[in-house]
1. Against the definition (of a type in the set (Asp, Glu), over 17 Å from Ala171 (Cβ atoms), surrounded by fewer than 18 Cβ atoms within 10 Å (Cβ to Cβ) and modelled with pLDDT of 85 or more), how does Asp51 come out, yes or no?
2. Taking the condition of being under 16 Å from Asp129 (Cβ atoms) and more than 15 Å from the chain's Cα centre (by Cα), how many residues in segment 157-177 meet it?
3. Looking at Arg102, Arg141, which is the one that is more than 30 Å from Ala50 (Cβ to Cβ), of a type outside the set (Val, Ile, Thr) and in contact with a Gly (Cβ under 7 Å, 6 or more places away or on another chain)?
4. Scanning for something under 21 Å from Gly100 (Cα atoms), in a loop (DSSP other than H, G, I, E, B) and at pLDDT below 80, does segment 5-25 turn up at least one residue?
5. Does Ala120 meet the test of being among the aliphatic types (A, V, I, L, M), modelled with pLDDT under 95, surrounded by fewer than 19 Cβ atoms within 10 Å (Cβ to Cβ) and farther than 28 Å from Pro15 by Cα?
6. Only residues in segment 65-88 that are within 19 Å of Arg123 (Cβ to Cβ) count as the first member; pair them with residues that are small (Gly, Ala, Ser) and surrounded by fewer than 14 Cβ atoms within 10 Å (Cβ to Cβ), Cβ under 8 angstrom, at least 6 apart or cross-chain, and list the lot.
7. So, of the residues in segment 124-171 that are out of contact with any strand residue (DSSP E or B) (no Cβ under 8 Å at 6 or more places or on another chain) and assigned to a helix (DSSP H, G or I), which turns out to be surrounded by the most Cβ atoms within 10 Å (Cβ to Cβ)?
8. Which residues, counting only those in segment 111-152, are among the small types (Gly, Ala, Ser) and in contact (Cβ under 8 Å) with a residue 40 or more places away in the chain?
Amino acid sequence: MDEATVPLLLPELRPRVAVFTNLFRDQLDRYGEVEAVAALWRKALSAYPADLHLVLKADDPSVASLGEARDNVTYFGVEDRKLDQGAPDHASDALSCTCGARLEYSVAFFGHVGHWRCDACGRSRPKPDVVATGVDLRDGRSVGFELQSAGSISSIEMALGGLYNVYNALASVAASQALELPF
């Protein structure tokens, strides 16, 4: 679903589960700034029934903010400090908290994605329910990791490379669980 169509399509589609993976400036050629789109999403979700189950990337502050003050949320994220890039990219999106203060990162994976917190208001990365650890990015064409979810650990091997695809796999597992489907 395109970023700006969320407010239009939620009432029409009436999903039981909505998955939000990330929000980057490169997706916004038609819609403005990251925070403007996040605000559109928050407004649309506030008008939607509370029984909508959200699946959100804990490591993206804009996406994680969508779950605040909601009960029906599953977060997914990466717990692997060896992937830390040291600091968010200087040109990253979403480096400010919803309160306006600058976010601090204990781990930065890429862009503004990582383990974040706001020292001004206390907001921080939610604890993920579906987690990747021991991520091996290999040659860029495949990846392996340990998937931790619902008290179990599974070794995952994918013929898709990159940390983005690890996040996509985590989102898929989290959505499957939200729909009570086996994975």
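The values are calculated or read from the model by the stated rules, or taken from the named source; none is laboratory data. The structure displayed is predicted, hence computed values, not measured ones. Note that each Cβ is placed from the backbone with ideal geometry, even for glycine, and that neighbours are counted across all protein chains shown.
1. yes
2. The total comes to 2.
3. Numbers: Arg102 fails: in contact with a Gly (Cβ under 7 Å, 6 or more places away or on another chain).
The match here is Arg141.
4. yes
5. no
6. Sorted first by the residue in segment 65-88, then by its partner, the pairs are Arg70/Ala50; Asp71/Ala50.
7. Asn168
8. Gly111, Gly114, Ala132, Gly134
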